[in-house]
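What follows is a single structure, written as structure tokens, with notes after it.
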Amino acid sequence: MPRYFLHLRYPASEDGFARDDEGDELTDPDDLRQHVVDTARDLMRSARLKAIPDWLRCSFEVTDEVGAVVLTLPFSEAVK
Amino acid sequence: MQLQQVPIGNRLLASLSADDLARLQPHLEPVSLALRQVLIEPNMPIEHAYFPEQGMSSVTNNSSGGKIEVGVIGQEGMIGLPIVLGIDQTPYEHFMQIPGHGWRIAAHDLEQAMAQSRSLHRHLLRYVQASHVQASETAFANANSDIEARLARWLLMCHDRVDGDDIPLTHEFIAMMLGVRRPGVTVALHVLEGMRVIRAKRGLITVLDREKLEELADEAYGLSETEYSRLMKTEA
């Protein structure tokens with residue numbers, strides 16, 4: 001199963017890039033966008049972090065197993 | 001058996017009176033506690049109580065959306081509290097998240113020992129209260145604290161239960177503990193790492209500055225640990 005890494009870019013005075021070394025396995029690569037959108041929505045709904053006062057200013061940068069960027073998703077696009 | 005010659009590293013057992021410990025000792029069986037070993041299945045008869053010497057077990061609610069951790073038990077405690085209350089099962093799963101070793105005792109042997117010794121039963125009931133306080137503090141932290149503080153609390157609770165400063169946990173597991181999606185944990189760890197409080201490698205978190213971690217956890221950490229020491233009359 002292909003594994004995708006959901007790195008998070010967030011506004012920070014320095015180094016606003018939280019690298020994902022673990023990744024998520026997806027049975028079907030076609031589900032990737034929906035998976036990332038769901039993850040972003042879930043975070044916006046329930047994850048209260050001091051470091052991130054506004055999730056809408058964050059984005060996911062998704063890479064595949066060889067490190068190629070396969071999707072960039074601003075959280076603002078995850079909101080319908 | 002030469003159990004008497006083995007030093008007891010479990011703080012709950014060690015806090016028993018010499019008589020009560022001697023009462024249990026013939027029934028204590030040394031066991032290794034492997035990663036992901038299930039100690040108690042939800043809603044199944046509890047056959048043994050476990051007293052870890054090393055390692056950490058998670059108590060989880062296995063909801064349809066996945067497991068969420070509602071408690072941790074290590075060398076300060078005992079897995080199998082319902083037995084102390086005269087109850088033979090629990091809806092929560094108990095399994096090892098950090099491997100180690102410890103002692104186990106058959107449920108009926110523990111029941112018998114408690115029936116013979118009121119002081120043993122009373123002492124274990126005090127631990128039930130300490131455990132109840134921990135669960136209540138988890139509820140408090142979940143309602144009151146942001147992810148950074150909750151993460152700091154959980155890391156401190158793990159740090160209390162491992163030897164040294166290395167905590168072998170994945171972000172995925174911590175996400176499960178805290179009931180948030182993994183990226184929420186990754187970013188919080190990234191923030192803590194930026195503050196030089198921890199070092200995070202794949203599957204391994206090293207505590208660099210415990211004092212700062214306690215500061216970050218704020219009100220989310222400390223009350224249940226202090227209460228444990230008070231109830232069990234052990235030094236933290």
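Below are the figures for this structure:
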read-out: Cα-only radius of gyration and Dmax that characterise chain B, units Å; value: 17.7, 55
read-out: Full-stretch length increase - B:S136, B:D209 - with 0.36 nm per residue and alpha-carbon distance subtracted; value: 23.6 nm
read-out: Square roots of 5 times each gyration tensor eigenvalue, C-alpha, the range B:145-229, largest first, Å; value: 18, 14, 13
read-out: Calculated P(r) of the range B:3-141 - Cα pairs past 17 Å, %; value: 58
read-out: Inter-centroid distance (Cα atoms) of the range A:20-80 relative to the range B:23-40, Å; value: 41
read-out: Nearest-ten-degree value, helix B:147-159 long axis tilted from longest Cα axis of chain B; value: 40
read-out: Cut-off 11 Å between beta-carbons: net charge of the residues surrounding B:N62, Lys and Arg +1, Asp and Glu -1; value: -2
read-out: Whole-Hz ³J(HN,Hα) from phi, Karplus 6.51 cos²θ - 1.76 cosθ + 1.60, for the range B:83-100, glycine and proline x; value: 4, 4, 8, x, 10, 9, 7, 9, x, 9, 7, 10, 9, 7, 9, 10, x, x
read-out: Shape of the range B:153-201, Cα gyration tensor, a/c cut at 1.5; value: oblate
read-out: Folded to 0 to 90 degrees: helix B:223-232 orientation relative to chain B principal axis, Cα; value: 20
read-out: Where trypsin sites (Lys or Arg not before Pro) in DSSP loops with at most 11 other Cβ within 10 Å are excluded, longest remaining stretch of chain B; value: B:37-195
read-out: The range A:3-78: Cα Rg divided by the 2.2 N^0.38 Å rule of thumb; value: 1.06
read-out: Calculated FRET value between A:D21 and A:M1, using beta carbons and R₀ = 25 Å, to 0.05; value: 0.90
read-out: In range of the label at B:K233: residues from the range B:121-165 whose backbone nitrogen is under 13 Å from the point 7 Å along Cα→Cβ; value: B:122-124, B:126
read-out: Binned Cα-Cα distances of the protein assembly as shown, short to long, each 20 Å bin given as a whole percent; value: 31, 51, 17, 1
read-out: Environment charge of B:F140, counting only residues whose C-beta is closer than 11 Å and scoring Lys/Arg +1, Asp/Glu -1; value: 0
read-out: Cα-projected label distance for B:Q112 with A:E14, points at 7 Å along beta-carbon direction, nm; value: 6.5
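Each reported figure results from applying straightforward, stated rules to the coordinates on display, with no laboratory input. Small disclaimer: the values here were computed from a predicted structure and weren't measured. Reconstructed Cβ throughout: ideal geometry from the backbone, glycine too, with neighbour counts over all protein chains shown.
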